[in-house]
Amino acid sequence: MSCAESVRSSPPPATAGLTLVEVLMAAAVALVIFTVLINLLSGTGTVQARNQLQISVDDSIRSSLELMASDLRQSVGPRVILSTSPGLPTGLASYASSSSALSVVQIPAATLLSVLPPGGYPTTQNFSGVTSTALNASVSTCGATYGGGDYAMLTTETSSAWLQVDASSYCTGGSTSSTLKHSASSVSYTYTPAAVVGKVNVLRYAVQTVNGVSTLTRQQFGGPVQTVAYDITALSVEYSADGFTFTATPVQPRAIRLTLTGSRASGSKTSSLTLSTTVYMRDVQYTAPGN
């Protein structure tokens with residue numbers, strides 16, 4: 001009888017597994033890490049969005065201040081419209097500057113026409129209560145420079161005066177000289193060879209609501225309102241007669257401080273910013289009316 005060797009198979013080794021407690025602990029740790037990462041990414045996105053808004057508002061304010069400063073540097077005469085300016089035409093009274101609005105006076109060089117001296121000059125040097133001004137320019141040049149109802153300024157080395165051109169038949173004369181009529185503006189002044197008349201352009205800056213948005217606007221007298229920048233919520237103007245001391249009361253300025261505040265929103269995020277600049281007036285020959 002043969003004896004067969006009995007072979008007994010061994011059970012496979014047991015595989016180590018995770019207990020329920022370990023699985024729950026790992027899930028909790030993963031959840032914490034995931035939450036931290038989500039908050040970090042969300043915070044980074046919020047900061048980036050806020051920075052983009054800040055940059056956008058900053059650009060709008062800086063470009064607006066630069067435009068206003070450029071217009072001011074080209075201003076002449078009284079520089080700005082003052083409600084107290086002697087002889088200010090009634091039509092410009094609503095354009096008077098204030099602590100929250102700025103009206104800049106400019107005279108384009110191309111509109112300057114020389115004034116002829118009074119009869120008997122140099123013995124006679126004074127004009128008294130005149131309502132028309134003789135110009136060293138042809139009637140065609142006078143007519144091409146001015147339109148009916150235009151505002152102008154007569155300046156000498158020592159004084160200036162506001163003029164309002166007649167509504168019709170305001171330029172008369174010939175090929176070598178002409179007369180500009182301004183019946184509503186009676187002026188008296190001492191003639192100098194530097195006396196000129198120039199057409200006045202008035203540029204007004206103010207914060208208005210445009211299409212439901214707070215907006216910095218720019219308007220040339222008699223023209224349409226132009227949008228300078230949206231989301232500008234406030235304009236503050238301070239005036240300095242000596243270049244050092246500033247006040248909210250408009251005066252003939254040697255310097256003007258401009259302050260703009262802007263606020264822009266995107267979804268639930270809002271960015272606000274306030275910036276200022278000080279503009280010092282360049283020296284020009286013209287002086288303020290009444291001086």
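The values are calculated or read from the model by the stated rules, or taken from the named source; none is laboratory data. Being a predicted model, the structure only gives us computed values, none of them experimental. Reconstructed Cβ throughout: ideal geometry from the backbone, glycine too, with neighbour counts over all protein chains shown. Protein only, heavy atoms only, side chains kept; ligands, DNA and RNA dropped before computing areas. Shrake-Rupley method; radii C 1.70, N 1.55, O 1.52, S 1.80 Å.
At 1.4 Å probe radius, can you tell me the per residue accessible area of segment 117-161 in Å²? Could you put the intermediate results ahead of the total?
Numbers: 1950 Å² over 45 residues.
The answer is 43 Å² per residue.
Suppose R0 equals 22 Å. What FRET efficiency, 1/(1 + (r/R0)^6) with r the Cβ-Cβ distance, do residue 188 and residue 168 give to the nearest 0.05?
0.30
May I ask for the net charge around residue 222, where only other residues with Cβ less than 14 Å from the Cβ of residue 222 are counted and Lys, Arg are +1 while Asp, Glu are -1?
Numbers: positive: 199, 204, 218; negative: 150.
Around residue 222, the surrounding residues sum to +2.
Could you work out the local net charge near residue 95, counting Lys and Arg as +1, Asp and Glu as -1, over the other residues with Cβ closer than 13 Å to its Cβ?
Charge balance in the 13 Å sphere: +2.
Got a sec? What order do 142, 171 fall in by accessible area at 1.4 Å, biggest, i.e. largest, first? Working shown, then result.
On the way: 142 0, 171 25 Å².
Largest accessible area first, the list is 171, 142.
Which order do 65, 31 take by accessible area at a 1.4 Å probe, largest first?
Largest accessible area first, the residues go 31, 65.
How much of the accessible area of segment 216-266, probe 1.4 Å, is carbon plus sulfur, in whole percent?
Working: 1170 of 2390 Å².
Reported share for carbon and sulfur atoms: 49 percent.
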